[in-house]
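Here the structure is laid out as structure tokens; the discussion comes afterwards.
Here, each number is a calculation from the coordinates, and none is a lab measurement. Computed from a prediction, not measured in an experiment: that's the story for all the values here. Glycine gets a Cβ as well: all are built from the backbone with ideal geometry, and neighbour counts include every protein chain shown.
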Amino acid sequence: MELTGLSKESTIGVASGLGGMLVTILTQQILARRGLLTYFVRHNLVGLSADDAIFGSVRVTWNNNPVANLFSSSVELVNHSMQDYENVVVRAFTNDSVLLNEKTEIVDTARILEWTPEFANQLAVKTGEKPTQGQSDLYGKQRDYIIPVLNRGQVIRFHYLNAAKTVNQPTIWLDVLHKGVKLEFRVPQGEVFGVSMQSASLAGIALGFILVGVLVSSVDKVWIAALVALVFGFLAQVPGAYTVKLWRWLRSAFGG
């Protein structure tokens, strides 16, 4: 069974149209001037206080104060835009946990984040004195940082040891108020070669449409085209992931 000339032309037209739409969308993203920052949060339970009438009790304490549920939380902020930014202020905060200590890093550099001068002044304690209750409360629920330079593709990580106020997993949020920048929270996803599975799948689907056009125009036997398409369908995330990585490289190289 052979594909007719009409079906070939129709399929090629559809594939070409979809390819044109994809190119248009990518071009619009390149030309878009509004920056996009995204972040996600991961929590790991590292300590749990419990009482057992027979085998005894386990106590987790912080400064001699009991802590019911101790979590290690990691927040990752990524600049997905085509622009670099200076002096970006980032606020990390929580309403259902107590931030105990912190570690920050500007990934692939030797730098850490500093608090904003205003926040540092609020928490300043004179030598020989103890923090006020207001300072302790502020330290436990919020941190304000200044990022001197946030380049395109740059990743910032925040690590917090924190005590959840309830038996539920805590929540930690980021807030950024900077001209031309939009901040979005994203749920952590699995990755394929460093690319989220969702992005790899979407790119794989787009490549699949292009592949269909090529098969229809160059392969006369339907079963061969179907077999190639089936194999590609099973592995679509792999070429999709590398396509996304190539797109990111091109965006970085030619984005300005």
Cβ density ranking, 10 Å radius, fewest first, applied to Ser199, Ser136, Ser73, Ser218 yields Ser218, Ser136, Ser199, Ser73
The ³J(HN,Hα) series, computed from each phi in the range 138-144 with the Karplus coefficients 6.51, -1.76 and 1.60 at θ = phi - 60°, rounded to the nearest Hz and given as x for glycine or proline, is 5, 4, x, 10, 7, 9, 10
Please list, ordered by chain and number, the residues whose modelled amide H lies under 5 Å from the amide H of Val181; skip anything fewer than 5 residues away on the same chain. Gly35
Take Thr109 and Arg186, extend 7 Å from each Cα along the Cα→Cβ direction, and tell me the distance between the two endpoints in nm. 2.1
Burial ordering of Asp96, Asp144, fewest other beta-carbon atoms within 10 Å first: Asp96, Asp144
